[in-house]
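The values are calculated or read from the model by the stated rules, or taken from the named source; none is laboratory data. Predicted, not measured: the structure shown is a model, and the values here were computed from it. Positions of Cβ are backbone-derived with ideal geometry, glycine not excepted, and every protein chain shown enters the neighbour counts.
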Amino acid sequence: MDLKTVALITDSTCDIPQEWRERYDIGVVPLTIIFGDQQYKDGVDLTAEQFYELLPTAGHFPTTSQPSPSDFLMAYQAAAAKGYQKILAITISSAMSGTINSAREAAAVSPIPVRVLDGKNNSMGLGWQVIAAARTREAGGDLAAMVETAEQVRDRISYYVTLDTMEYLSRGGRIGTATKFLESIIKIKPLISVNPKTGSVAASIPARSRQNAIEGIWREFFNHIDLNAPMHITVLHNAALEEARAIAERVKREYPAAEVFISITSPILGVHTGPRALALCGYSL
């Protein structure tokens, strides 16, 4: 199959490392980070590393906005200009963002046909779907095969995150003030997950210490993945690289056959999860 047949496009919450984006020719449409009257295109005007340096001292609590239909249309036009005949666009969960609506609006006026798929996830819960679709394309699969692979991966994603603090969820209005007050008393480390069926975030059992929180994401992640099938795993971090490296090394020791790498979490997600969050995200198939 000519690899120019089907283009792959996603959004900047995917957390796919740049070298993989280039390797598989994945188009990425950025969301926007807003600090007061300053706006930054995610990964274009502001890197994740810069964002996490700025976050604790920023005078304004950041907010985010989804791409416009014109942002997606430009990505579709760029794919057509490269010679692609069709497009598969996989976006962040519709339960988390209206990004998919912009992708669909742009698809209606795209110069080439576009199939828009709800990733029902974010970060590498989305990124792994895109990579799997790219690998199917590389192996000769057509659009239907790419969609089937992405959906299989989507349904098998295990994704668990520990937050160092509830502050950013609270400031963003994602939790009530009573919960924030409770955290200030008992110093819990929240543990959250993404439900791959609904595409929404759910709470799991919190921990009382950082180390117990890390053990919590380890336990939950590996309890929800098939250990007998090939595993594909990302260790995600919000400016907590050394801890992420330690987790990745442990994965390699205990599961040497697994594909594993480290990625920093998009500022779009970091707005709500805050500095020093850690996560395990992946699937087996």
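General remarks:
- Filter pass, ALA229 being surrounded by fewer than 22 Cβ atoms within 10 Å (Cβ to Cβ), in contact with a helix residue (DSSP H, G or I) (Cβ under 7 Å, 6 or more places away or on another chain) and modelled with pLDDT of 95 or more: no
- Lone qualifier among GLU259, GLU249 - being among the charged types (D, E, K, R), free of Cβ contacts under 8 Å to residues at least 12 places away in the same chain and surrounded by fewer than 21 Cβ atoms within 10 Å (Cβ to Cβ): GLU249
- Within region 10-30, the only residue that satisfies the criterion of being buried (at least 24 other Cβ atoms within 10 Å of the Cβ) and either among the basic types (Lys, Arg) or more than 12 Å from the chain's Cα centre (by Cα) (or both) is VAL29.
- Candidates SER110, SER93 - the one that is crowded, with 17+ Cβ neighbours inside 10 Å, in contact (Cβ under 8 Å) with a residue 12 or more places away in the chain, more than 20 Å from the chain's Cα centre (by Cα) and under 20 Å from SER68 (Cβ atoms): SER110
- For region 142-159, the set of residues classified as buried (at least 18 other Cβ atoms within 10 Å of the Cβ) and touching a Lys or Arg at 6+ places or on another chain (Cβ under 9 Å) consists of LEU143, MET146, VAL147, THR149, ARG154, ILE157, listed by residue number.
- Among all residues of region 273-282, there is at least one that is β-branched (Val, Ile, Thr), touching a helix residue (DSSP H, G or I) at 6+ places or on another chain (Cβ under 8 Å), surrounded by 14 or more Cβ atoms within 10 Å (Cβ to Cβ) and in contact (Cβ under 8 Å) with a residue 12 or more places away in the chain.
- Flag if ARG208 is free of Cβ contacts under 8 Å to residues at least 24 places away in the same chain, under 19 Å from the mean Cα position of the chain (by Cα) and under 29 Å from PRO56 (Cβ atoms): no
- Conditions (1) surrounded by 13 or more Cβ atoms within 10 Å (Cβ to Cβ); (2) among the hydroxyl-bearing types (Ser, Thr, Tyr); (3) modelled with pLDDT under 95; number of the one not met by SER209: (1)
- Residue in region 199-208 that is at positive phi and not in a helix (DSSP H, G or I) present: yes
- Test: ALA103 is touching a residue at least 24 places away in the same chain (Cβ under 8 Å), assigned by TED's automatic domain parsing to the domain that holds MET124, within 21 Å of PRO196 (Cβ to Cβ) and part of a helix (DSSP H, G or I): yes
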